[in-house]
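Report on the structure given below.
The values are calculated or read from the model by the stated rules, or taken from the named source; none is laboratory data. Here the structure is a predicted model, which means the values were calculated and not measured. When we count neighbours, we look across all protein chains shown, and the Cβ atoms used for this are built from the backbone with ideal geometry, even at glycine.
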Amino acid sequence: MAKQSIFGRITTLAKANINALLDSAEDPQKILDQLVRDYTNSIADAESAIAETIGNLRLLEDDHKMDVNAAAEWGGKALAASAKADEYRAAGNAADADKFDNLAKIAIQRQIGAENEARAAEPQIASQTDIVNKLKAGLTSMKQKLEELKSKRSELVARAKSAEAQSKVADAVKSIDILDPTSEVSRFEDKIRREEAKVRGAAELASSSLDAQFESLDDLGELSEVDARLAALKAGRSTPAVEAPASAPYTPGA
């Protein structure tokens, strides 16, 4: 029964439609992992069972060979005993002739028994040989399925990792989208622009303050002249007029 169970598992697993199993699975990777374990364990069990079956077949074949050899040996003994009986009978020794004829009969009976044993074993040997061949084919198919499973598992894991990486990249790109006004980059850019505007404003303010200082210097010059004239007025001096340009000396006959 244990063998039949293992043989049934070999047939079931060898015929398993992996793609259909994966299509119907919620988590294909878990299904593949479980299938790899099942196939690996079943292959180990199958190899042990098949080895035992092959061993039994070889025993049957050995017994059959022994029966065939025994039949041939007893046939040879029967022939030798019959020939000896014929010699004794030709010599007029009927008693010894009968004795060897009886031995020949016994040998023939043993020969027939061995032949019957050999013939009886032949159908069983043929059946067991067919079973062993099918089991070997099933085992080979299972090993091929196992390699297919391992390959699909590796492919699936690689695709899952690739999809995960792509998802992470997409999320990262989305999070730093400069067109998104709510993104960190956009806010940082706005902050820099405000700082740049502030620097320009400070520069403009500094420039206007410097112009005002130069204008105040001009005003101070004018006030100094006014104060000087006022002081001269108070001292009884006439307010100095603006000097006219010196005229050229008179030249007679000019």
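Summary table
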{"read-out": "Qualifying residue in the range 123-144 (condition: over 46 Å from the mean Cα position of the chain (by Cα) and free of Cβ contacts under 8 Å to residues at least 24 places away in the same chain)", "value": "yes"}
{"read-out": "Within the range 1-119, helices (runs of 4 or more DSSP H) holding 1 or more residues that are at pLDDT below 95 and aromatic (Phe, Trp, Tyr)", "value": "2-14, 28-90"}
{"read-out": "Any pair with Cβ under 7 angstrom, 6 or more apart, that starts in the range 73-84 at a residue that is touching a residue at least 40 places away in the same chain (Cβ under 8 Å) and ends at one that is in a helix (DSSP H, G or I)", "value": "74/107; 74/110; 74/111; 74/114"}
{"read-out": "Members of the range 46-59 that are surrounded by fewer than 17 Cβ atoms within 10 Å (Cβ to Cβ) and not β-branched (Val, Ile, Thr)", "value": "47, 48, 51, 52, 55, 56, 58, 59"}
{"read-out": "Residue count for the range 106-121, restricted to those that are out of contact with any helix residue (DSSP H, G or I) (no Cβ under 7 Å at 6 or more places or on another chain) and either loosely packed, with under 13 Cβ neighbours inside 10 Å or not charged (D, E, K, R) (or both)", "value": "6"}
